[in-house]
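Values in this text are rule-based calculations from the coordinates and carry no lab data. Worth saying up front: this structure is predicted, and the values here are computed from it rather than measured. Quick reminder, even Gly has a Cβ in these numbers, built from the backbone with ideal geometry, and neighbours come from all protein chains shown.
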Amino acid sequence: MSLKDRLIEDMKTAMKAKEEGKVRLSVIRMVRAAIKYAEIDKKMEFNDDNQVIEVLARELKMRRDAMEQFANANRPDKVQELEEEVAILMEYLPQQLTEGEIREIAKEIIAETGAQGPKDLGKVMGIITPKIKGRAEGKLVNQVVRGLLGS
């Protein structure tokens, strides 16, 4: 079953669950709308799960950024709502890589490219980003690569 089909089935289940599935239903509807918007924007239907994962990762990043903003604004109620949404989104994304796994992948790429220092950050990020798309947050990957390149 494709990820889009799974979202549709989960939406139906959440609709039947009424109150218990209210947050889940809301998140799934937002994700499906974001996918539809991306399809319209790119003038193509997403038949590949990787394209859907890209949209899911973008939605996840937006919520994590918002959580940080609400935490700084001392709004624990909104942070909690966003945490629930993040948990639901994580169910549809592939298993996230740990920092150690990211470090190993980055070391391999640094060795392959012969990257020497901070000036080669773009070269390494250009190769690592497609390899781990949807499985790690870009901010964390950037920090790990910067640390390995000594910047």
Check: What does a probe at A71 reach in segment 21-42, counting residues whose amide N is under 13 Å from the point 7 Å along Cα→Cβ?
Finding: none
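Step through the table entries K107/K139; K4/K133; K22/K78; K22/K43; K119/K139, compare each Cα-Cα distance with 26 Å, and write down the pairs that go over it. Show your work: numbers first, answer last.
On the way: K107/K139 17 Å; K4/K133 18 Å; K22/K78 16 Å; K22/K43 31 Å; K119/K139 18 Å.
Over 26 Å apart, Cα to Cα: K22/K43.
Hey, can you list the DSSP H helices of the chain whose Cα span along the axis is 15 Å or longer and whose average Kyte-Doolittle score is at least 0.5?
121-132, 138-149
If exposed means no more than 14 neighbouring beta carbons inside 10 Å and the site is in a DSSP loop, what's the longest run of the chain without any exposed GluC sites (Glu not before Pro)? Intermediate values should be presented prior to the final figure.
Values: sites that count: E45, E91.
Result, exposed sites excluded: 92-151.
Assign unit charges at the C-beta atoms only (+1 for Lys and Arg, -1 for Asp and Glu), then state the dipole size of segment 15-151 relative to its Cα centre in Debye, rounded to the nearest 20. All intermediate terms of the calculation are to be shown ahead of the outcome.
Numbers: 24 positive and 24 negative charges, 63 e Å.
Around 300 debye, computed over segment 15-151.
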Next item on the list: Indicate the gyration tensor shape class of segment 1-51 (rounded, prolate or oblate), computed on the Cα atoms with a ≥ b ≥ c the square roots of the eigenvalues: a/c under 1.5 is rounded; otherwise a/b larger than b/c is prolate and the rest oblate.
Entry: prolate
Check: From the residues A33, N74, L97, which one has its Cα farthest along the dipole of the chain in the positive direction, the dipole being from +1 and -1 charges on Cβ of Lys/Arg and Asp/Glu about the Cα centre?
Finding: A33
Notebook entry, point to check: Which FRET efficiency, nearest 0.05, do E84 and S2 yield, Cβ-Cβ r, R0 22 Å?
Noted result: 0.30
Checklist line | Pairwise FRET efficiency - T13 versus E108, Cβ, R0 = 35 Å, nearest 0.05 | finding: 0.30
Checklist line | Identified option (computed Rg and Dmax of the Cα atoms in Å; candidates (1) 33.8, 114; (2) 17.9, 56; (3) 44.2, 142) | finding: (2)
